[in-house]
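Down below is the structure, laid out as structure tokens.
The values are calculated or read from the model by the stated rules, or taken from the named source; none is laboratory data. What you are looking at is a predicted structure, and each value in this text was computed from that prediction instead of being measured. Cβ placement follows ideal geometry from the backbone for every residue including glycine, while neighbour counts extend to all protein chains displayed.
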Amino acid sequence: MIVREFHLKFQIGDLILWHFPLQVAVVQVTLPMLLQEGQQPVTADLEGTNHGVLVRSTPWTATTTLTREPGGWCYVMGRYQRHAVALQGSFDDYLGSFSAKSRATLRRKVRRFAALSNGEIHWQCYRSEEEMATFLHLARPLAARTYQATLLGAALPTDEAFTRSCLAAAKEGRAWGFLLFHEEEPVAYLYCPQEDGVLLYHYVGHDASLAAWSPGTVLHYLALQRLFAEPTALWFDFTEGEGEHKRLFATHSFPCANVLHVQGGVGMTLLLWLHRAMDGCSHALGQLLQALGLKARLRRWLRRAGSDQERTAE
């Protein structure tokens, strides 16, 4: 296993307040592993590690969060449904699996964006090495303005190592880039590497100033329409975490969790208890805001604020 630096983030909602670096071995559970192994959690061996092992997206149905295990602690940092789209069959059949309301909502959003764009949607799929270079050139300035960059630090990377890996994957037919345009400017992007027929939902973002026209949802709709016509694409994997758009588009979901197995001294024990307490406060605050009808409004405000801050910095 490769040891990496992992940041245990202390946050309220999407707002990161502080983080603590840990040196952990990372085990990434893939969608094919989930399909083959069902609901059996992936185990971890702490021997020979620095702080421990992080198992990402392991099957998990237990409700406990922090438990003792030999040599340390087992800390469940978050449980979620991992969503995916089976790309077999036709796109029309796929849409037919939606409720009438969801199907009408999707088509309405596509029509509204088309109306905003003078009746015709301009979007592009990038596959070859040359096309991927163009995608990176166009997508990176947009990615730097998105809330994924300003609030989450999760924009499309700009380093040379990532560029080389993208171009190499594209040369081998293992990378997909998608861009949606408005008035000749990119307003939403999606980058997905492909492994063994599975497209991974790695980097995504949209221009927050056009959020009312749902550019991210429109691009997802168009990208999936293209992927259903691609014989080598078998699954679209939304990977970790939940989200309304993931639930909307998914055909399958799997109960998962990110589980940290760490060697436990006093300091580590206090750190984990503090993190669990803050996570509980964040969850309780989210439920309160949801009950008051303020959660979605606050999230939109934070995303606009992050986008405005980035533009001011420019």
Any residue in region 207-226 that is touching a Cys at 6+ places or on another chain (Cβ under 9 Å) and modelled with pLDDT under 95? no
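Which residues, counting only those in region 123-140, are within 22 Å of the chain's Cα centre (by Cα), part of a helix (DSSP H, G or I) and either among the hydrophobic types (A, V, I, L, M, F, W, C) or at positive phi (or both)? Give the derivation first.
First pass over region 123-140, keeping only residues within 22 Å of the chain's Cα centre (by Cα): 123-127, 132, 135-140.
Keeping just the survivors that are part of a helix (DSSP H, G or I) gives 132, 135-140.
Answer for region 123-140, where residues must be within 22 Å of the chain's Cα centre (by Cα), part of a helix (DSSP H, G or I) and either among the hydrophobic types (A, V, I, L, M, F, W, C) or at positive phi (or both): MET132, PHE135, LEU136, LEU138, ALA139.
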Taking region 244-279 and keeping residues under 15 Å from the mean Cα position of the chain (by Cα) and polar (S, T, N, Q) leaves SER253, ASN258
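Might you check whether a residue that is among the basic types (Lys, Arg), at pLDDT 95 or above and over 30 Å from ALA277 (Cβ atoms) occurs anywhere in region 124-133?
Step one: of region 124-133, the residues among the basic types (Lys, Arg) are 127.
Those still in the list that are at pLDDT 95 or above too: 127.
Then drop every residue that is not over 30 Å from ALA277 (Cβ atoms), which leaves 127.
Yes, region 124-133 has at least one match.
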Quick count over region 80-97, residues being surrounded by fewer than 16 Cβ atoms within 10 Å (Cβ to Cβ) and either assigned to a helix (DSSP H, G or I) or without any contact (Cβ under 8 Å) to a residue 60 or more places away in the chain (or both), is 4
Item checked: Any hit, region 207-226, residues being under 14 Å from TYR126 (Cα atoms) and more than 17 Å from the chain's Cα centre (by Cα) -> yes
